[in-house]
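Notes follow the structure.
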Amino acid sequence: MSVRFSSTSRRLGSCGGAGSVRLSSGGAGFGAGNTCSVPGIGSGFSCAFGGSSSAGGYGGGLGGGSASCAAFTGNEHGLLSGNEKVTMQNLNDRLASYLENVRALEEANADLEQKIKGWYEKFGPGSCRGLDHDYSRYFPIIEELKNQIISATTSNAHVVLQNDNARLTADDFRLKFENELALHQSVEADINGLRRVLDELTLCRTDLEIQLETLSEELAYLKKNHEEEMKALQCAAGGNVNVEMNAAPGVDLTVLLNNMRAEYEALAEQNRRDAEAWFNEKSASLQQQISDDAGATTSARNELTEMKRTLQTLEIELQSLLATKHSLEGSLTETESNYCAQLAQIQAQIGALEEQLHQVRTETEGQKLEYEQLLDVKVHLEKEIETYCLLIDGEDGSCSKSKGYGGPGNQTKDSSKTTIVKTVVEEIDPRGKVLSSRVHTVEEKATKVNNKNEQRVPS
């Protein structure tokens with residue numbers, strides 16, 4: 001007795017967003033007669049012994065697999081119970097319905113392929129009616145519109161840049177105006193201070209002029225009195241009266257007037273010197289203050305000019321940095337949106353793959369349970385087959401023993417055969433690369449007793 005198993009392969013891939021599992025198996029047989037086929041996940045099993053009835057096969061797909069096994073018929077009606085026969089019949093019916101569905105789907109698929117082929121022949125790019133849907137003539141217009149959009153965007157950018165430059169220039173002129181206005185106000189304040197000093201000097205000069213006029217009037221009055229006294233004295237001396245008097249000598253008025261004139265002139269000169277010294281003193285301090293203010297103003301003006309240049313440079317740098325910041329923010333926003341979209345796509349793919357993995361795991365668990373059930377059925381069938389073989393061997397042994405009892409030519413030959421079954425399960429990705437491979441090895445031993453009886457015919 002021999003048992004054969006064929007190696008199978010399992011392929012995992014993606015089609016239409018869902019996983020698919022393709023299973024294939026081969027049949028096995030030993031001897032001619034009744035056949036029972038019990039397929040599993042990636043393996044097949046068949047057995048045969050005396051009779052004439054046969055059935056077998058299985059199919060597998062995305063939702064799982066179906067198994068079929070034909071009941072043993074012929075003279076051995078007691079091999080399977082009634083429920084198992086009904087179960088096998090149901091499995092055969094399910095296999096037949098499944099094959100009918102597959103055949104119907106193949107016909108529908110062929111019909112759809114014919115319809116798609118006919119539609120492409122009618123409305124495809126190479127057909128006559130497909131020329132109405134040729135959009136190649138719009139491509140130059142689209143390119144021209146794209147170029148116009150790019151040129152308009154460039155012009156808009158130039159206008160925005162000119163607007164920014166004009167705004168910066170206006171801000172520069174406003175700063176210059178404010179600085180010049182502050183300088184003008186400071187100069188006006190200095191002029192007002194100098195005007196107050198000039199008013200004070202004018203008042204002092206007026207006071208001195210009034211004093212000079214008073215002294216001049218007093219001098220003129222004294223001169224007039226002197227002249228009148230001189231005339232009176234001359235008139236008095238003009239007579240012929242000779243009077244001799246022994247008196248003290250008279251006062252010389254000329255000397256007195258000269259002395260008085262000298263005193264007033266000295267006083268006026270002293271006042272003039274004092275006024276000139278006071279004016280020079282005030283003017284010197286004022287000139288020193290004016291020169292100091294002019295130096296401070298010049299230094300402040302130079303410092304202000306330098307600060308204005310620095311401010312303009314910093315404003316230009318600020319505008320460039322702001323423009324760079326806006327461009328970087330736009331790039332960051334665009335990059336974030338792109339990465340968010342990519343992340344959403346990746347998450348959707350991960351969710352789909354997780355769903356496929358869960359579905360594959362569920363299918364694998366179901367197929368594992370089905371495989372275990374079929375393995376139990378196989379073990380049960382093997383036990384029954386072994387029992388029937390033992391019964392058959394026992395009947396043959398009893399017959400040979402009764403026929404060849406006491407004969408020296410009776411020979412018995414025992415032959416044993418060991419069958420090693422290897423099942424290879426491979427997982428293949430859509431590109432044809434082998435992801436994993438597993439080998440299941442099963443060793444079975446079978447014993448067959450052949451009795452050869454020889455009878456001696458007396459001579």
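Values in this text are rule-based calculations from the coordinates and carry no lab data. All figures in this text were calculated on a predicted structure; none of them were measured in a lab. A quick note on method: Cβ atoms are made from the backbone with ideal geometry, for glycine too, and the neighbour counts reach across all protein chains shown.
May I ask for the equivalent-ellipsoid semi-axes of the range 175-220, computed as the square root of five times each C-alpha gyration tensor eigenvalue and listed largest first in whole Å? Intermediate results must be reported in sequence, preceding the final value.
Values: eigenvalues 384, 5, 3 Å².
Computed over the range 175-220, the values are 44, 5, 4 Å.
Positive end of the charge dipole of the range 251-346 (Lys, Arg +1 and Asp, Glu -1 on Cβ, about the Cα centre): tell me which of CYS340, LEU256, LEU322 has its Cα farthest that way.
Of CYS340, LEU256, LEU322, it is CYS340.
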